[in-house]
Amino acid sequence: MLNVQILAKKVARMLAREGVAPLCRRALAQLRQQRQADAFDLEHGTETGGLEPLWKLDIDSPNARYGERYEATTAQELHAVLEFLNVPVRDYSFIDLGCGKGRTLIVAARFGFGRVVGVEFARELADTASANLARQALGNTAVLHADAAAYEFPPGGKVVYMYNPFSEEVLARVLENLREHGDGSLYIVYKSPRCAPLLDGCGFLKRHAHAPGAPHIEIWQGIAVNARLAAEKTA
Ligand SMILES: C[S@@+](CC[C@H](N)C(=O)[O-])C[C@H]1O[C@@H](n2cnc3c(N)ncnc32)[C@H](O)[C@@H]1O
């Protein structure tokens with residue numbers, strides 16, 4: 001479905017935020033990337049490459065205007081972060097908010113996570129992600145066609161992944177949903193973290209060290225409840 005209203009709003013927001021030159025550069029990068037064959041897809045027989053602007057897609061959510069276009073994380077950088085985190089993956093969930101065509105889900109499932117969930121609000125992308133996972137025959141993986149703002153997180157250890165999927169309006173709601181899960185077993189892995197100040201200021205997350213090999217990705221960890229209470233007392 002062509003949603004010209006969404007396109008017009010996004011262009012206006014980007015022009016106001018970035019100006020004309022960066023907008024033209026993004027359009028050129030998009031054309032270039034769409035012409036390149038994707039090495040991950042050639043190797044795995046999947047369809048995860050390319051750039052997909054949201055205005056072309058079927059999205060039934062008022063949050064469409066806050067969303068960012070689809071572009072995949074590279075398997076190498078995600079792998080570098082997961083190695084670095086060194087959590088007991090069998091006991092952990094990996095959740096990608098705005099999973100697009102599901103490349104991160106394949107990487108995380110192959111890495112050994114006990115449970116892998118992708119949440120994606122664009123119907124075409126969620127369908128492609130499900131088809132990609134089915135082709136890989138990976139267990140314990142699911143794609144939810146849903147808005148990340150409404151997602152209820154499962155209990156237990158989790159790595160929540162985001163590649164700059166949406167702006168503050170949606171991220172604030174995600175953080176509220178995560179607040180009760182904010183203990184030491186929660187990690188937020190955020191690529192191109194445009195809304196990092198929101199995580200820094202939410203009161204239940206602290207910055208974690210950088211993973212070597214993934215310079216564009218920042219990591220936060222939940223603050224253990226006891227440490228949080230102590231910090232609140234001294235504040
Ligand atoms: C930059 S792409 C990242 C794709 C994938 N996470 C990766 O790293 O390969 C951002 C994705 O977030 C999705 N998205 C944006 N807002 C969303 C929302 N509110 N709920 C669910 N998905 C959303 C977009 O449709 C897009 O597929």
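The simple spin-label model puts a point 7 Å past each Cα toward its Cβ; for LEU138 and ASP60 those points are separated by 2.7 nm. Using the Karplus relation 6.51 cos²θ - 1.76 cosθ + 1.60 with θ = phi - 60°, the per-residue 3J(HN,Hα) values for region 67-72 come to x, 9, 4, 7, 7, 8 Hz, with x marking Gly and Pro.
Length available on full extension from ARG179 to GLU47: 0.36 nm per residue minus the Cα-Cα distance, which gives 44.1 nm.
A straight line joining the Cα centroids of region 106-126 and region 55-100 runs 8 Å. Applying a threshold of 19 Å to the alpha-carbon distances of LYS101/LYS191; LYS158/LYS206; LYS101/LYS158; LYS158/LYS233 flags LYS101/LYS158; LYS158/LYS233 as lying beyond it. Going 7 Å from the Cα of ALA131 along its beta-carbon direction, which residues of region 82-112 have the amide nitrogen within less than 18 Å of the resulting point? Residues 99-106 qualify, since their backbone N sits under 18 Å from the label point.
Read the figures in this text as sums done on the coordinates, not as results from a lab. Quantities reported herein were computed from a predicted structural model and do not represent experimental measurements. All Cβ positions, even for glycine, are placed from backbone atoms using ideal geometry, and neighbour counts span all protein chains on display.
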